[in-house]
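The values are calculated or read from the model by the stated rules, or taken from the named source; none is laboratory data. Fair warning: this is a prediction, and the values are worked out from it, not measured in the lab. Cβ sites come from the backbone with ideal geometry, for glycine too, and all protein chains shown count toward neighbours. These accessible areas exclude ligands, DNA and RNA; they are computed on the full protein's heavy atoms, side chains included. Shrake-Rupley method; radii C 1.70, N 1.55, O 1.52, S 1.80 Å.
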2 protein chains.
Amino acid sequence: MMERRVTLKDVARAAGVSRATASLVVRGSELVAEQTRKKVEQVIAELDYVPHSGAARLRGQKSRTIGVIIPNLVNTFFSEFVEGIEATLDTTGHLVMLASSRDDPERQAGLIRRLREHDAEGLILFPADGTPPETVLQLARSNLPVVQAMRHVGKGLTDFAGSDPVRAVRESVRHLSDLGHRRIAYVSLAGDTSTRTERLTSFDHHMQAMGLENVGIVEVPLAWDGSPQSAGLLLDLDPRPTAAICFNDILASGLLRGLYDRGLTPGRDLSVVGHDNLSFIDLGAPPRLTTVQVFPRQIGMKAAELLIRRLADPGAAPRAEIVPPLLRVRETTGRCD
Amino acid sequence: MMERRVTLKDVARAAGVSRATASLVVRGSELVAEQTRKKVEQVIAELDYVPHSGAARLRGQKSRTIGVIIPNLVNTFFSEFVEGIEATLDTTGHLVMLASSRDDPERQAGLIRRLREHDAEGLILFPADGTPPETVLQLARSNLPVVQAMRHVGKGLTDFAGSDPVRAVRESVRHLSDLGHRRIAYVSLAGDTSTRTERLTSFDHHMQAMGLENVGIVEVPLAWDGSPQSAGLLLDLDPRPTAAICFNDILASGLLRGLYDRGLTPGRDLSVVGHDNLSFIDLGAPPRLTTVQVFPRQIGMKAAELLIRRLADPGAAPRAEIVPPLLRVRETTGRCD
DNA sequence: TTGCTTGTTTAGATCGATCTAAATTCGCCT
DNA sequence: AGGCGAATTTAGATCGATCTAAACAAGCAA
């Protein structure tokens, strides 16, 4: 029934050489004679031999595998990030083990454990909402090379690749200020992440610095269909904002939808700024969303590069790579009179 | 420098028991006395012992790992699909190794090999554009449980989970026909996939069956920014179509954009039907896209279920699970007079 | 006491590939 | 022929966890 796995011994026997020689051929060593190599390679193909990586690892071989943990995959922001990682790690022959923490720190801890069991050489961690510092501390102690991305816990403990939330918010606020807006609200996700904290703090800070009025934070759940409700919440604020900055493009698009449902026009009745510059906002019906581009793919690549660097030099001091965000002014923001 | 890995032997020594007993504790066996278990578990926590899955696999243990290969991650269609897989496999404690073939069959072959080395218990394959039948034949021979999803190569050779392209096209055509459209074009992606072939064949078939005029196939590359050009191509067709069915929502949204850029209105000047029902089309400015919902998440779950079933019963006859697509009539299709 | 459960623990072999150190073959020179 | 170095090949130990079969301990009945 369940036929036995083809092992190196089988290959060796069939090719009339020793296991050691067969092993050398598999690993492409120079030491073996051309003729022998040919013979062995032929047998490998015939028997459909597949090396047992577990056995190899037992002798100290690398697993050529990197763990990647992300909170979820709901929008292309995450998938572009993962794509960037995958593309870069591919150049060094690493395979990605992708797992989703669903923004649950406990689940995340379990995933980390399993990735370690599978001998992942390193980990790229997009920390779950509410990740406790201990998780990162323990990782730092465990000798497993770790790069945090996008969000961070325990700043400076590990390498980090991300965007610049302060700058993103500053540019958004300044843009609205330049257009004459004075009362601005922020539409955020609920949760406890460094990104959220930094952006809200930064929002408040820049609003004050520019002498504008922060008329409130509106919170909505991260779900494609829940975001239009933000329109109602914003319009109920007192004083009523003339512009809103959104945590991401999904929330912003939802807000646009909510405005249209109420017969209002974005950019005229309420200016809207998004965040992320997801690909889809360039398509469909106008108006195009004014938003902050954050280059998740590049950040993924940076994260992978940091990890590769760290694998080569585990002792190096933690480094942070920031990909500066870029405001893309389009059609959902307009003058306020 | 590079301190040695903590092994079961270390745990055993520190806890004053044998390796065998320690192993039993790790695996949660009933055989060990409460007191001993406590002691060992404590030591495990203290030493931060992480089992070496490679060594375990050597003794015939399962890897609790499933390989998933997809063509890319460009849109949420793929990520929702992966999410469905991940959520279902999570219930059986399986970890996903995700790799992107980038629609390159050779790269895909390499990925399959690597997943086999890592002892993946099974594979969910969303075959790359142009995957040769040999790839699937070899997989079928190799004893590795495989489920193909969305697209398929070598029909009936493996389990399959997907949508129903014929039905999707039929409903789209019928809907347009009901609205009085007679000249319809199809906007497709270039490439060589079962999905594409089935949809184009089906389009032609149903157009004839309903006595309508297939005015042509327009092809565009799969890229977020390339799709608006389809508008120009469609308007140049002779005779000029009054409606277009698109391969997916990205192409459809691009087409909408192209129409607006030319001052035309979807649903009036040209009716547009999409495919996939990506989440974002419910957001942003109206009109909402009329499209065919295909439930990638459910398909992912079905695929994972098929795989789980096959792991339990490797000898079972290949099965196909079809999640019926659903036409969502919204605002980009209108009467034709 | 001895014998027999039942419950708990363990020594030792084993999985498949790799590595070291040593053996073997080959070509070529004296 | 014999000897030498280079090129190839190989026997055997080894990695860490698991499994088998057997040992051991404690409790109880006869």
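Using R0 = 45 Å, the C-beta based FRET efficiency linking residue B:18 and residue A:217 works out to 0.15.
The long axis of helix B:165-178 is offset from the longest Cα principal axis of chain B by roughly 30 degrees. When a/c is below 1.5 the answer is rounded, else prolate if a/b is larger than b/c, else oblate, so apply that to the range B:165-293 with a ≥ b ≥ c taken from the square roots of the Cα gyration tensor eigenvalues. Because its axes are fairly even, with a/c under 1.5, the range B:165-293 counts as rounded.
Of all the options A:197, A:88, A:131, the one that moves most in a Gaussian network model of chain A with Cα springs shorter than 10 angstrom is A:197. Using C-alpha pairs below 8 Å separated by at least 6 residues, the relative contact order for chain B is 17 percent. Computed from Cα positions, the angle between helix B:76-90 and the longest principal axis of chain B comes to roughly 30 degrees. The modelled label-to-label distance for the pair residue A:262/residue B:178, using points 7 Å beyond Cα in the direction of Cβ, is 3.4 nm. Stretching residue A:328 away from residue A:209 to a fully extended chain increases their span by 40.6 nm, per 0.36 nm per residue minus the current alpha-carbon distance.
Pairing chains A and B buries close to 5600 square angstrom of accessible surface in total, based on protein heavy atoms and a 1.4 angstrom probe.
Checking the cross-link pairs B:9/B:62; A:9/B:155; A:62/A:155 against a 27 Å limit on the alpha carbon distance flags A:9/B:155; A:62/A:155 as lying beyond it.
The long axis of helix A:194-209 is offset from the longest Cα principal axis of chain A by roughly 30 degrees.
Where both bridge residues fall in the protein assembly as shown, DSSP classifies roughly 10% of the beta bridges as antiparallel. Using only Cα atoms, locate the centre of the range B:62-90 and the centre of the range A:116-135, then give the distance between them in Å, rounded to an integer. So the separation of the two Cα centres works out to 19 Å.
Over the range A:165-293, accessible surface divided per residue gives 35 Å², non-protein components excluded, 1.4 Å probe. Bridges between two residues of chain A, per DSSP, are antiparallel at a rate of about 10%.
Apply the a/c threshold of 1.5 to the C-alpha gyration tensor of the range A:1-62 and tell me whether it is rounded, prolate or oblate. It comes out oblate by the Cα gyration axes. At an R0 of 22 angstrom, the distance between the Cβ atoms of residue A:316 and residue A:155 translates into a FRET efficiency of 0.80. Full extension of the chain between residue A:46 and residue A:106 yields a length gain of 17.0 nm, computed as 0.36 nm times the residue separation minus the alpha carbon distance. Rounded, prolate or oblate, given the Cα gyration tensor of chain B, with a/c below 1.5 counting as rounded? Prolate shape, in that a/c is at least 1.5 and a/b is the bigger ratio. Largest GNM mean-square fluctuation among A:113, A:64, A:27, using chain A with Cα springs under 10 Å: A:27.
In the context of the full set of protein chains, residues of the range A:8-51 present 62 Å² of accessible surface per residue (probe radius 1.4 Å, heavy atoms only). Taking the 1.4 Å solvent-accessible surface of the protein assembly as shown as the whole, the part contributed by carbon and sulfur is 51%.
Every Cα-Cα pair in the range A:246-309 was counted, and those over 17 Å apart are 46% of them. Give, ordered by residue number, each residue of the range A:35-84 whose 1.4 Å probe accessible area is reduced by a minimum of 30 Å² on adding the remaining protein chains to the chain alone. Residues passing the criterion (a loss of at least 30 Å², heavy atoms only) are A:48, A:50, A:51, A:52, A:53, A:57, A:58, A:73, A:76, A:79, A:83. Partners of residue B:39 within straight-line reach, counting aspartates and glutamates whose Cα lies under 20 Å from its Cα and excluding those fewer than 8 residues away in the same chain: B:10, B:30, B:48. With only Cα atoms counted, the protein assembly as shown has Rg and Dmax values of 27.6, 88 Å. Placing a pseudo-label 7 Å from each Cα along the Cα-to-Cβ vector at residue B:309 and residue A:141 gives an inter-label distance of 4.7 nm.
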